[in-house]
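Following: one structure in structure tokens, then a few remarks.
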Amino acid sequence: MTEPLRVLVVHGPNLNLLGSREPEIYGTTTLDEINASLTAQAKETGAELEFFQSNHEGALIDRVQEAPAFADGIVINPGGLTHTSVALRDALFATSLPVVEVHLSNIHGREEFRRHSFISGIARAVVVGFGPHSYSLALDGLLHLLRLARTE
């Protein structure tokens, strides 16, 4: 029997405020609701997820660095660190795991400073602008990439 695919889902700063923070941009879905939806999606496909959220860059980096011990890939919404953190980018790159970057809003249609991502250049894919469904698309895409890699 094949081992289940394991994915670390990382939520960056302020994502714990989803549902109440700027609902006109991020919607009213909470982080717990997103995680529950992803858990149901993973169960249908036989994948296993681990969730991690922090408002602290160092905690995010530590968890990402631990990921190769238990995960096959990473889905990450780096929040505001998308545009500022070379250190988080380097940690993701150092894992050698496939990474899918996800954003609820279309960062390319927002303020100029949000249009640059330090993460996109090392990510296998980027999903933006679909609200909470962005996470579902990101997970589906990453699981597809991981299954392809297993058959090669």
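Summary table below
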read-out	value
Residue-averaged [θ]222 nm for the chain, counting only DSSP H segments that reach four residues, each worth -39500 (n - 2.57)	-11500 deg cm²/dmol
Taking HIS11, HIS116 and counting other C-beta atoms within 10 Å, the order from fewest to most	HIS116, HIS11
Distance between modelled label sites at THR2 and ARG110, nm, 7 Å Cα→Cβ extension	3.6 nm
Radius 13 Å from Cβ of LEU49, net charge of other residues (Lys, Arg +1; Asp, Glu -1)	-3
On Cα atoms only, tilt of 31-45 relative to the major axis of the chain in degrees	20 degrees
Within the range 22-123, chymotrypsin sites (Phe, Trp or Tyr not before Pro) in DSSP loop having at most 12 other beta-carbon neighbours inside 10 Å	PHE70
Relative contact order (%) - criterion: Cα under 8 Å, at least six apart; region: the chain	25 percent
Hull volume in cubic angstrom per residue (convex hull over the Cα atoms of the range 1-64)	79 Å³
Most mobile of ASP32, ASP140, ASP72 in a GNM of the chain (Cα contacts under 10 Å)	ASP32
Separation of alpha-carbon centers, the range 117-143 and the range 70-105, rounded to whole Å	10 Å
Angle in degrees between helix 133-151 and the longest Cα principal axis of the chain, rounded to the nearest 10	30 degrees
Per-selection Kirkwood Rh - the chain (Cα, Å, 1 d.p.)	15.4 Å
0 to 90° range, to nearest 10: angle between helix 57-66 axis and the chain longest Cα axis	10 degrees
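Coordinate-derived values only; no laboratory data. In this text, all values refer to a predicted model and were calculated from it rather than measured experimentally. Quick reminder, even Gly has a Cβ in these numbers, built from the backbone with ideal geometry, and neighbours come from all protein chains shown.
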